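Okay, structure first, notes after.
The values are calculated or read from the model by the stated rules, or taken from the named source; none is laboratory data. Since this is a predicted model, take the numbers as computed values, not measurements. When we count neighbours, we look across all protein chains shown, and the Cβ atoms used for this are built from the backbone with ideal geometry, even at glycine.
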Ligand code: ADP
Ligand code: MG
């Protein structure tokens, strides 16, 4: 509880409001897209909450209503969604939870004007777009399951007020006091065309009040359920942008329907650039699960975490609409869908290997994530290895393990690799001199995950993966020992002397024929963590 209170925006919000209102002036219409998207999210949320709490059940015919009032110069967007408590109003609309304003500002400055609108959605700051067209914004909200309602209001200039209010049912009304230069947003036809353009695929009905009548504004088609032949590339791309908040075109689009033992439709995308803020922290796939069009959850982990760069929708007939979290965890239906969808993504990647240049784009964006599959997924380890690409001492550009094996010397039975921070440095590293001099190819691995997967993978096409920095003797079989008796005698005095001098720093000093022009090289002991892994462990304080 609590009474009326006026609070300052967090400093971040203040700056952000400035940015949004000024930088996006020419694209003001997107405020509606953002408010309708929030209303749809809130309605989805309530539907899901109701599965475990009947008191939050959605009313029959839940929808999103847009009501322009020309005379009063008010535009109201109402929903039957989950609503917000007092605390939620304060934390969701008074602070910025997710991302830094500074990063947003920089992106905004660098972006082409036509790309700017998508940045708003990408940064999770959509609500504030309302201040582009409104002098004042009022939010009246009642949390589903609660009796009380609250009014949040602000003129977007530093502070907002929160006070008790009333609302007959749960949900949210957002009322905009439209600016004098924004009349167009009080015109039902103009609003209609904005919804068509930006929000057509919102799955809940959107209506606009027009001459006292509610008119349907969106088609609400579940694009993914239409046959491929009835969907245009433009529609797919528009949906992709809506779904991902990216403004590129997809690198790959997978749209198919499974029929027979399993029934589902899927529409998946792989972006052609690494989305800004593609978060390393969220390790889970966010594929959206729908049941007969209805959004259920994006936490069903339909794809393994190492395919988390794939985005999209899977819609099935094989689950009940009221499927609960517990059921999602237990059902074999989901396990079958996971297998089918994962297989489809992998086979599409395999097909695209043929176009090396296009694949390189994909690999630069998402390769380090895909490679995690070799580390943590025994089922797909070998398949992921086949899809992986590497820099190498022997070829320009990227190469695969199968190609490496084809190039191996007859007497060679291992795939050699070296790990470090930078492939250019590795290419010139003394660690691989002896290999290069003997014409033996070495893979140059520089991603963090590269310290982990080779040991897990173990072998590829029967060839052991072997770190050049571990073990010293492999080169013997490629070149005879050319040491003279005199050199041997020198070594016999030098080695004990070095060993004594470095006693506390190292385990052993040995002669090696791995080097050609360098005098010495540091090696990790056989079987121990390799040098790069040791560095990583030291950095993380282990
Ligand atoms: P985002 O939608 O990306 O989280 P927004 O700035 O659009 O960022 O919205 C901020 C938050 O405010 C939302 O995450 C949600 O929690 C809350 N919110 C906004 N609009 C509504 C609404 N109509 N009903 C319930 N909650 C809402
Ligand atoms: Mg939003």
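Observations on the structure shown:
- Condition check for residue 30: at pLDDT 95 or above, within 20 Å of residue 217 (Cβ to Cβ) and either within 27 Å of the chain's Cα centre (by Cα) or within 16 Å of ligand 2 (Cβ to nearest atom) (or both): no
- Qualifying residue in the stretch 188-200 (condition: outside any helix (DSSP H, G or I) and modelled with pLDDT under 90): yes
- Number of residues in the stretch 216-232 that are at negative phi, surrounded by 14 or more Cβ atoms within 10 Å (Cβ to Cβ) and either in contact with a strand residue (DSSP E or B) (Cβ under 9 Å, 6 or more places away or on another chain) or modelled with pLDDT of 85 or more (or both): the value is 8.
- Of the numbered criteria (1) in contact with a helix residue (DSSP H, G or I) (Cβ under 7 Å, 6 or more places away or on another chain); (2) under 27 Å from residue 433 (Cβ atoms); (3) surrounded by 18 or more Cβ atoms within 10 Å (Cβ to Cβ), the one residue 394 fails is (3).
- Filter result for residue 471 (at positive phi and modelled with pLDDT under 75): yes
- Members of the stretch 146-159 found to be in contact with a helix residue (DSSP H, G or I) (Cβ under 6 Å, 6 or more places away or on another chain) and either modelled with pLDDT of 95 or more or within 16 Å of ligand 2 (Cβ to nearest atom) (or both), listed by number: 150, 152
- For the stretch 202-250, the tally of residues that are under 22 Å from residue 35 (Cα atoms), in contact with a helix residue (DSSP H, G or I) (Cβ under 6 Å, 6 or more places away or on another chain) and part of a loop (DSSP other than H, G, I, E, B) stands at 6.
- All positions within the stretch 44-63 that are within 21 Å of residue 166 (Cβ to Cβ) and buried (at least 18 other Cβ atoms within 10 Å of the Cβ): 46, 56, 58
- Counting residues in the stretch 51-65 that are under 14 Å from residue 175 (Cα atoms) and either modelled with pLDDT under 95 or touching a strand residue (DSSP E or B) at 6+ places or on another chain (Cβ under 8 Å) (or both) gives one or more.
- For the condition in a helix (DSSP H, G or I) and either modelled with pLDDT of 75 or more or surrounded by 10 or more Cβ atoms within 10 Å (Cβ to Cβ) (or both), residue 512 does not qualify.
- If you go through the stretch 356-375 and pick out every residue that is out of contact with any strand residue (DSSP E or B) (no Cβ under 6 Å at 6 or more places or on another chain) and surrounded by 16 or more Cβ atoms within 10 Å (Cβ to Cβ), you end up with 13.
- Residue satisfying all of: in the stretch 375-428; in contact (Cβ under 8 Å) with a residue 60 or more places away in the chain and over 32 Å from the mean Cα position of the chain (by Cα); farthest from residue 345 (Cα to Cα) among these: 411
- Top-ranked residue of the stretch 476-509 - restricted to ones that are at pLDDT 75 or above and not in a helix (DSSP H, G or I), ranked as surrounded by the most Cβ atoms within 10 Å (Cβ to Cβ): 509
- In the stretch 321-336, the residue that is modelled with the lowest pLDDT out of those that are part of a helix (DSSP H, G or I) and buried (at least 16 other Cβ atoms within 10 Å of the Cβ) is 328.
- Residues that are under 30 Å from residue 189 (Cβ atoms) and either modelled with pLDDT of 95 or more or within 12 Å of ligand 2 (Cβ to nearest atom) (or both), drawn from the stretch 94-127: 120, 121, 122, 125, 126, 127
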